[in-house]
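Working notes for the structure below.
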Amino acid sequence: MNFLEKRIIKDGKVLSEHVLKVDSFLNHQIDPNLMLEIGKEFADRFANDGVTKIVTIESSGIAPAVMAGLFLKVPVVFARKKKSLTLNGDLLTASVHSFTKNETNEISISKKYVNKEDRVLIIDDFLANGQAALGLVDIVQQSGAKVKGIGIVIEKSFQQGTQILTKQGLRIESIARIASLENGEVTFINEKVE
Ligand code: G4P
Ligand code: NA
Ligand code: NA
């Protein structure tokens, strides 16, 4: 198990066969040291991809994305889910439907911060059905920039997201890959029997 998988076993709570609660270090309270380690891992995996910008989505994608930006020495842009008072003018938008929450959000970023010269690393906290990631890919492509890959903190490999994104030729790098949450237990992909 890697550092994140160990932390998930230690502090994660399986809420159902589909949902893992990690609000003690990622989704509510945030562990800065863990985020630093996650950021370094993303930076290592995308070190040779000429990344010029990181794009994520509020709110839980921001912490790991900022740490990755620190190591890759590039700015981080987060897509907003609500219209902002000051974020106006030329916006790139995409519609993102959450099957989990049964709601659709219009997500947006300003054209000012992503353009056709950029090579973008997309980062998010969870990959479930892949709709948020697809929306981010859409926005980045609208800007004319290239998507170099998608960095995911926790991938639920038993849901559709991984397959959908991979089919589009997108490279996904997930730090923890969950094969199953059945029987109240977290099982990782490639878990080594020791
Ligand atoms: P998708 O983008 O992959 O299709 O995912 P989905 O609509 O299912 O996800 C909706 C929200 O639920 C997202 O957060 C996502 O990160 C979160 N989520 C999905 N599966 C899990 C899970 O097993 N555990 C936890 N803790 N979260 C999960 P969000 O609403 O955008 O919230 P936030 O980024 O503000 O935290
Ligand atoms: Na989230
Ligand atoms: Na998220």
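A few notes on this one:
- Fully extending the segment from Thr166 to Ser24, taken as 0.36 nm per residue of separation minus the present Cα-Cα distance, adds 48.1 nm.
- Scanning residues 5 or more positions from Val114 or on other chains, none has an amide H under 5 Å from its amide H, with H placed 1.01 Å from N in the peptide plane.
- Pairwise inverse Cα distances across the chain, averaged and inverted, put the Kirkwood hydrodynamic radius at 16.9 Å.
- Segment 57-135: mean projected area of Cα convex hull, nm²: 5.6
- Pairs of Lys residues in segment 135-194, spaced 8 or more positions apart or belonging to different chains, with C-alpha separations under 19 angstrom: 4 in total.
- For Ile123, distant residues with modelled amide H under 5 Å away: Val55, Thr56, Gly151
- For Leu91, residues with placed amide H under 5 Å, excluding near neighbours: Lys111
- Over the chain, relative contact order from alpha-carbon pairs under 8 Å, at least 6 apart, %: 20
- Model label points for Asn190 and Asn115, set 7 angstrom from Cα along the Cα-to-Cβ axis, are 3.9 nm apart.
- Chymotrypsin sites (Phe, Trp or Tyr not before Pro) lying in DSSP loop within segment 92-194, provided at most 15 other Cβ fall within 10 Å: Phe99
- Reach of Lys82 by Cα under 20 Å, taken over aspartates and glutamates that are not fewer than 8 positions away in the same chain: Glu58, Asp90, Glu103, Glu106, Asp124, Asp125, Asp138
- Subset of Lys10/Lys53; Lys53/Lys112; Lys6/Lys40 violating a 22 Å alpha-carbon distance limit: Lys10/Lys53
- 11 Å beta-carbon shell around Leu15, net charge (K/R +1, D/E -1): 0
Coordinate-derived values only; no laboratory data. Remember, predicted model here, so these are calculated numbers, not experimental data. Neighbour counts are summed over all protein chains in view; Cβ atoms, including those assigned to glycine, are modelled from backbone coordinates with ideal geometry.
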